[in-house]
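Structure first, then comments.
The values are calculated or read from the model by the stated rules, or taken from the named source; none is laboratory data. Note that the coordinates shown come from a computational prediction; the quantities given were computed from them, not determined experimentally. For neighbour counting, all protein chains shown are included, and Cβ atoms are generated from backbone atoms with ideal geometry for every residue, glycine included.
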Amino acid sequence: MNKYLKNLNKIEFVVTNACTGKCKHCSEGDHNIYGERIDPSVAADVVRKIASEYDIKTVMTFGGEPLLYPETVYTVMSVASELGIPKRQVITNGYFSKDFNKIREVAYKLSDCGVNDLLLSVDAFHQETIPLEAVRAFAVECLSCGLQIRLQPAWLVNKSDDNPYNIKTRELLDSFNDLNIAIGEGNIIFPSGNAIKYLSEYFKENPPENPYEEDPKDVRCISVSANGDVLNGNILKQDIMELIRGYTCKE
């Protein structure tokens, strides 16, 4: 076993770079409705192979907006469920279709494929470009089919700061009170991508660090980009286990 990945316990996929939102806090910068996406069968192969050698506790799909390509999400989560991986997460902004029947279909298929932790992004930044009505409609359908769902807000500076964005986020979260959906810890916005461009005034003192950066000497999460990039290589060019075995880091 590669010593740099001895504690590996999570696999995540950026399903696509495409997104329905244009959020000014996005760490990846500007997205559009078109973008690269990962093939479902390739993603499933990655999960099976890694889980055969590592004790994987979590599989996650996100984006961009992953539910623009729900078949990939269904495939990944079905395999994770089949393998008994405990936590099967999806992060979504909840806006992937204007068709009510499609919204209902996706919610039920997410439940059927084994998703057990759906994180729904609701905050001042997402709702600048994403209609709250569509997000609520999706949330209602998720609840109706028994999906475990949490609201996942993005906070600026910190959760308790009373800047205009956080005040608006609290108002938006309150608008879901009637649905009795749990509110997760969310995340603190860090200076990267669009956040630097549009929110730099909030990072002048003690800017938060990127909480998603991995220690290259103790990789605990395999993160596969929409184009297949992972661990200094690419799963479209080389087998994932070869990439894991060949991964090195300067001591």
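Looking at the stretch 3-18, which of the residues that are modelled with pLDDT of 95 or more and in a loop (DSSP other than H, G, I, E, B) is surrounded by the most Cβ atoms within 10 Å (Cβ to Cβ)?
Residue satisfying both the conditions and the ranking: 8.
Of the residues 94, 21, which is surrounded by 15 or more Cβ atoms within 10 Å (Cβ to Cβ), out of contact with any His (no Cβ under 7 Å at 6 or more places or on another chain) and assigned to a loop (DSSP other than H, G, I, E, B)?
94
For the stretch 36-93, name all the residues that are touching a residue at least 40 places away in the same chain (Cβ under 8 Å), aromatic (Phe, Trp, Tyr) and within 20 Å of residue 108 (Cβ to Cβ).
Residue satisfying the conditions is 69 alone.
Can you name every residue in the stretch 154-195 that is among the basic types (Lys, Arg) and free of Cβ contacts under 8 Å to residues at least 12 places away in the same chain?
170, the sole residue that qualifies.
Please verify whether residue 193 is on the phi > 0 side of the Ramachandran plot and of a type in the set (Gly, Ala, Ser), treating the condition exactly as stated.
When the stated conditions are applied, residue 193 passes them.
Residue 226: within 16 Å of the chain's Cα centre (by Cα) and among the hydrophobic types (A, V, I, L, M, F, W, C), yes or no?
yes
Do you know which residues across the stretch 138-165 are of a type in the set (Lys, Arg) and part of a loop (DSSP other than H, G, I, E, B)?
159
Taking the stretch 45-70 as the region of interest, how many residues are closer than 24 Å to residue 126 by Cβ and either touching a helix residue (DSSP H, G or I) at 6+ places or on another chain (Cβ under 7 Å) or in a helix (DSSP H, G or I) (or both)?
Selection size over the stretch 45-70: 6.
Can you give me the number of residues within the stretch 120-131 that are of a type outside the set (Asp, Glu) and surrounded by fewer than 19 Cβ atoms within 10 Å (Cβ to Cβ)?
Qualifying residue count for the region: 2.
Taking the residues in the stretch 167-223 that are among the charged types (D, E, K, R) and under 30 Å from residue 4 (Cα atoms) as candidates, determine which candidate is surrounded by the fewest Cβ atoms within 10 Å (Cβ to Cβ).
213
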